[in-house]
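Undergrad: Could you have a look at this structure, given as structure tokens, before my questions?
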Amino acid sequence: MPEGQARFRRGGRCHGAVEGRHEGAGSDFIRDIVAADVAAGKNGGRVQTRFPPEPNGYIHIGHAKAFLLSYGVAAEHGGKFNLRFDDTNPTKEEQEFVDGIIEDMRWLGVDWDDRLFFASDYFEQLYEWAEFLIREGKAYVCDLSTEEISAYRGTAIERGGQIITPPGKDSPYRNRPAAENLGLFRRMRAGEFADGSRTLRAKIDMAHPNLNMRDPVMYRILRATHHRQGDAWCIYPTYDWAHGQSDAIEGITHSLCDLAFENHRPLYDWFLDNLPVPHRPRQIEFSRLNVTHTVMSKRKLRRLVEEGLVRGWDDPRMPTLRGMRRRGYTPEAIRAFIRGVGVTKAEGMVDFAYLEHCVRQDLNLRAPRAMAVLDPVRVVVTNYPEGKVEWLDAVNNPEDPGAGTRKVPFSRELWIEREDFMETPPPKFFRLAPGREVRLRYAYFVRCEDVVKDEAGNITEIRCTYDPATRGGDSPDGRKVKSTLHWVSAPHAVDAEVRLYDTLFLPERPEAAEGGDDWLSGINPESLTVLADCKLEPVLDEALPGGRFQFERKGYFVCDTDSVRGRPVFNRTATLRDTWAKAQASE
RNA sequence: UAGGGCGUCGCCAAGCGGAAAGGCAGCGGCCUUUGGAGCCGCCAUUCGGAGGUUCGAAUCCUCCCGCCCUAACCA
């Protein structure tokens, strides 16, 4: 089990302070089914699951829900988890994505030992089983075109404003003798026919109410170089024909997939029932994950990448695992999020705020703090000696005493956040203002004495005096200040670029936009803000890409791979909760 | 239309005939050298709707309504 051991089972409602949801995987209808199967001794009490990604793109947080579920279910029963690439369509699949998916899954802490498989490894077995079905009179070679197959299947048509679903019609090739089918099928494999000219179809029931059962296609002729098989094949199995049998070959006991395949389950079962398979897997469907303000289909994500709407699959705004990694999300936070949303058959849309909550909760405990001024304005401490520098003690993480302390340089000239000063402050503004005293974190109390402006009226400098008796930030006379500001010593500041992110889409449900490409119109033009003139305290110059910090009062940030020595780049993972900003926004 | 699913607080989600858990969001307050964190409190007389069965229903039955999926030689 990846995290924690406690299981929170049905009927075992937790009475203590810690509820199961936070400690273990919790329970859900799938775990209940699996537990019942184990209890009933099915499969000899064995549990084996799999995750079958198609290597045609990078995986996203929705895929994480799927493989974390399958991985978790197996782990909870001491079972096995397989990674199997579903590479049955050579025209769309690439090695690059195989490598990327493996990397992303490992990052999330998933382990499959030596059980890395490819559906293409089973092509020969699948072929043999296809011949078996032909000999049994349960599959036939069909010469109908795509359009004809669709028409014969009984595709829905509109008649007088009503949609009618006509029954299917048998293909004229449906009753070819087995021997003829066998010959034709072998010639299909041998490459004697043109692409798309024939298919092998299962002979099931053209009147079946479930369209998937109306003689589904098992093989199509397709001359394309496969990323692993090269040009060894010119016929390729369809998903329906490959999937259940691959599960059977691998000894999968519980084949978990999303609701889209619920309609396919009768077919999944039919193949297994009609073949001499070594094992009988069981398919169970659950609802896929949706998160507000983003899109979750590989097709759409690919579109964003290809049209340059984002900077790549690993753009920090993307819901891809590489994007989230670059954004600074931790594997632990993602796992907590997936655990938290649960597993059901109800299709929902999880609030992005919940994802943010999960990262904050994790990072609050682990991220070392540092001071960074994102939008700097100069402060001169007029009564502080010129040239003097003091290295003051700062706590690295108030949530973790073990994180220790560090030294922060203080001097006469400082940077503070432009928004932390107001010449004419509104009633609830606690920060710096003319005549007002505030605390500079870990340093001194300072009082604003004067403001210097340029001819345009912009503030160029805030002049303050400090109280030497408040060194470290405490006043011996018990004097209180209303706020504490973060700051950076100007001569010691590290110049940096900081990238702020907002949701990629403005609407909660971008895909709800009517038809076509309308979902693209929901793109947030301000999803990325680049701050080129930020001032960081010295320790941050030593940050390594991937290093996460809390910039005090500003949020969680991660060092980006674009960083160079002396000019670090940071991505904002998430803001801190900000009740002041909220109060202002509600005015 | 046919077939398959789903409908419990703004968002997730427990609940499985004895009578509405929890988390997120929101709202108050306490505390605070991060307007962060933490802590305390509030937040569904009601479970898509209507009937019915029952001493008792979110849980069982009937009908109705709404939403999603499939109708690729994609997965």
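The values are calculated or read from the model by the stated rules, or taken from the named source; none is laboratory data. This one's a predicted model, so the numbers in the text were calculated from it and none came from an experiment. Because the Cβ atoms are built from the backbone with ideal geometry, glycine has one as well, and the counts that use them run over all protein chains shown.
Undergrad: Among the residues of region A:531-538, is there at least one that is outside any strand (DSSP E or B) and either farther than 21 Å from residue A:294 by Cα or among the aromatic types (Phe, Trp, Tyr) (or both)?
TA: There is at least one residue in region A:531-538 that is outside any strand (DSSP E or B) and either farther than 21 Å from residue A:294 by Cα or among the aromatic types (Phe, Trp, Tyr) (or both).
Undergrad: Are any of the residues in region A:37-48 within 16 Å of RNA strand B (Cβ to nearest atom), over 20 Å from residue A:248 (Cα atoms), touching a residue at least 12 places away in the same chain (Cβ under 8 Å) and not in a loop (DSSP other than H, G, I, E, B)?
TA: No, region A:37-48 contains no residue that is within 16 Å of RNA strand B (Cβ to nearest atom), over 20 Å from residue A:248 (Cα atoms), touching a residue at least 12 places away in the same chain (Cβ under 8 Å) and not in a loop (DSSP other than H, G, I, E, B).
Undergrad: Still on this structure, I have one more. Answer yes or no as to whether residue A:215 is buried (at least 18 other Cβ atoms within 10 Å of the Cβ), within 29 Å of residue A:81 (Cα to Cα) and of a type in the set (Asp, Glu).
TA: For residue A:215, the condition - buried (at least 18 other Cβ atoms within 10 Å of the Cβ), within 29 Å of residue A:81 (Cα to Cα) and of a type in the set (Asp, Glu) - is not met.
Undergrad: Ok, one more. Which condition number in (1) in contact with a Leu (Cβ under 8 Å, 6 or more places away or on another chain); (2) touching a residue at least 60 places away in the same chain (Cβ under 8 Å); (3) closer than 24 Å to residue A:548 by Cα; (4) not acidic (Asp, Glu) is the one that residue A:442 fails?
TA: Condition not satisfied by residue A:442: (2).
Undergrad: Considering only region A:153-196, how many residues are at pLDDT 95 or above and over 40 Å from the mean Cα position of the chain (by Cα)?
TA: Taking region A:153-196 as the starting set, the residues that turn out to be at pLDDT 95 or above are A:170-196.
Now drop any that are not over 40 Å from the mean Cα position of the chain (by Cα), which leaves A:170-188, A:190-194.
Count: 24.
Undergrad: Which of the following residues is farther than 25 Å from residue A:320 by Cβ, touching a Lys or Arg at 6+ places or on another chain (Cβ under 9 Å), of a type outside the set (Gly, Ala, Ser) and exposed (fewer than 15 other Cβ atoms within 10 Å of the Cβ): A:479, A:565, A:553, A:577? Full working, then the answer.
TA: Values: A:479 fails: touching a Lys or Arg at 6+ places or on another chain (Cβ under 9 Å); A:565 fails: touching a Lys or Arg at 6+ places or on another chain (Cβ under 9 Å); A:553 fails: exposed (fewer than 15 other Cβ atoms within 10 Å of the Cβ).
The conditions single out A:577.
Undergrad: Report the residue count in region A:238-252 for those that are in contact with a His (Cβ under 9 Å, 6 or more places away or on another chain) and near RNA strand B (Cβ under 10 Å from one of its atoms).
TA: Number of matching residues: 3.
Undergrad: Condition first: part of a loop (DSSP other than H, G, I, E, B) and in contact with a strand residue (DSSP E or B) (Cβ under 8 Å, 6 or more places away or on another chain). Now tell me which residues in region A:57-79 satisfy that.
TA: Answer for region A:57-79, where residues must be part of a loop (DSSP other than H, G, I, E, B) and in contact with a strand residue (DSSP E or B) (Cβ under 8 Å, 6 or more places away or on another chain): A:58, A:59, A:79.
Undergrad: Something else about it: Checking the structure you have, find out if any residue of region A:471-492 is more than 30 Å from residue A:436 (Cβ to Cβ) and within 16 Å of RNA strand B (Cβ to nearest atom).
TA: Looking through region A:471-492, none of the residues is more than 30 Å from residue A:436 (Cβ to Cβ) and within 16 Å of RNA strand B (Cβ to nearest atom).
Undergrad: Could I ask something else about it? Regarding residue A:82, is this residue touching a residue at least 60 places away in the same chain (Cβ under 8 Å) and part of a loop (DSSP other than H, G, I, E, B)?
TA: Against the criterion (touching a residue at least 60 places away in the same chain (Cβ under 8 Å) and part of a loop (DSSP other than H, G, I, E, B)), residue A:82 does not qualify.
Undergrad: So if I check each of A:327, A:335, which one is of a type in the set (Lys, Arg), in contact (Cβ under 8 Å) with a residue 12 or more places away in the chain and within 15 Å of RNA strand B (Cβ to nearest atom)?
TA: Step by step, each of A:327, A:335 is checked, and only A:335 is of a type in the set (Lys, Arg), in contact (Cβ under 8 Å) with a residue 12 or more places away in the chain and within 15 Å of RNA strand B (Cβ to nearest atom).
Undergrad: When region A:198-220 is examined, which residues are found to be touching a residue at least 40 places away in the same chain (Cβ under 8 Å), within 11 Å of RNA strand B (Cβ to nearest atom) and assigned to a strand (DSSP E or B)?
TA: Within region A:198-220, A:199, A:200, A:201, A:217, A:218, A:219 meet the criteria.
Undergrad: Quick one: in region A:221-233, of everything that is surrounded by fewer than 20 Cβ atoms within 10 Å (Cβ to Cβ) and not aliphatic (A, V, I, L, M), which residue is nearest to RNA strand B (Cβ to nearest atom)?
TA: A:223
Undergrad: A follow-up question, please. Report yes if residue A:521 is without any contact (Cβ under 8 Å) to a residue 24 or more places away in the chain, surrounded by fewer than 17 Cβ atoms within 10 Å (Cβ to Cβ) and of a type in the set (Ser, Thr, Tyr), otherwise no. I'd like the intermediate steps shown before the answer.
TA: On the way: without any contact (Cβ under 8 Å) to a residue 24 or more places away in the chain: yes; surrounded by fewer than 17 Cβ atoms within 10 Å (Cβ to Cβ): yes; of a type in the set (Ser, Thr, Tyr): yes.
Answer is yes for this residue.
Undergrad: Taking region A:545-577 on its own, how many of its residues are at pLDDT below 95 and within 16 Å of RNA strand B (Cβ to nearest atom)?
TA: The total comes to 0.
Undergrad: Continuing with this model, one more query. Of the residues A:362, A:393, A:351, only one is out of contact with any Leu (no Cβ under 9 Å at 6 or more places or on another chain) and buried (at least 21 other Cβ atoms within 10 Å of the Cβ); which? So that I can check it myself, show each step before the final result.
TA: Values: A:393 fails: buried (at least 21 other Cβ atoms within 10 Å of the Cβ); A:351 fails: buried (at least 21 other Cβ atoms within 10 Å of the Cβ).
Only one candidate qualifies: A:362.
Undergrad: Give the residue, chosen from A:56, A:82, A:89, that is of a type in the set (S, T, N, Q), crowded, with 21+ Cβ neighbours inside 10 Å, within 16 Å of RNA strand B (Cβ to nearest atom) and closer than 25 Å to residue A:237 by Cα.
TA: A:82
Undergrad: Go through (1) in contact (Cβ under 8 Å) with a residue 12 or more places away in the chain; (2) outside any loop (DSSP other than H, G, I, E, B) one by one and return the number of the condition residue A:452 breaks.
TA: With respect to (1) in contact (Cβ under 8 Å) with a residue 12 or more places away in the chain; (2) outside any loop (DSSP other than H, G, I, E, B), residue A:452 is out only on (1).
Undergrad: I'd like to check something: does region A:131-143 contain any residue that is outside any helix (DSSP H, G or I), near RNA strand B (Cβ under 9 Å from one of its atoms) and surrounded by fewer than 20 Cβ atoms within 10 Å (Cβ to Cβ)?
TA: yes
Undergrad: Moving on to the next point. Somewhere in region A:237-255, is a residue at pLDDT 95 or above, out of contact with any Asp or Glu (no Cβ under 6 Å at 6 or more places or on another chain) and in a strand (DSSP E or B)?
TA: yes
Undergrad: Moving to a separate point now. For region A:434-449, what are the residues that are more than 10 Å from RNA strand B (Cβ to nearest atom) and either under 18 Å from residue A:392 (Cβ atoms) or outside any strand (DSSP E or B) (or both)? Working first, answer last.
TA: Taking region A:434-449 first, the residues more than 10 Å from RNA strand B (Cβ to nearest atom) are A:434-437, A:446-449.
The answer is A:434, A:435, A:436, A:446.
Undergrad: So, one more: Here is a list: A:320, A:292. Which entry is more than 30 Å from residue A:125 (Cβ to Cβ) and away from RNA strand B (no atom under 12 Å from the Cβ)?
TA: A:320
Undergrad: Sort out which residues of region A:144-156 are within 8 Å of RNA strand B (Cβ to nearest atom), among the hydrophobic types (A, V, I, L, M, F, W, C) and not in a loop (DSSP other than H, G, I, E, B), and write them in order of number.
TA: A:149
Undergrad: Let me ask something additional. Under 8 Å between Cβ atoms, at least 6 apart or on separate chains: pull out the pairs that start in region A:62-75 with a residue that is over 20 Å from residue A:260 (Cα atoms) and end on any residue that is assigned to a helix (DSSP H, G or I).
TA: Matching pairs, first to second residue: A:73/A:30; A:73/A:31; A:73/A:34.
Undergrad: Based on this model, can you work out whether residue A:335 counts as modelled with pLDDT of 95 or more, farther than 23 Å from residue A:441 by Cβ and touching a Pro at 6+ places or on another chain (Cβ under 9 Å)?
TA: yes
Undergrad: When only residues in region A:338-379 that are in a helix (DSSP H, G or I) and touching a Lys or Arg at 6+ places or on another chain (Cβ under 8 Å) count, which is nearest to RNA strand B (Cβ to nearest atom)?
TA: Looking at the filtered set, the residue picked out is A:341.
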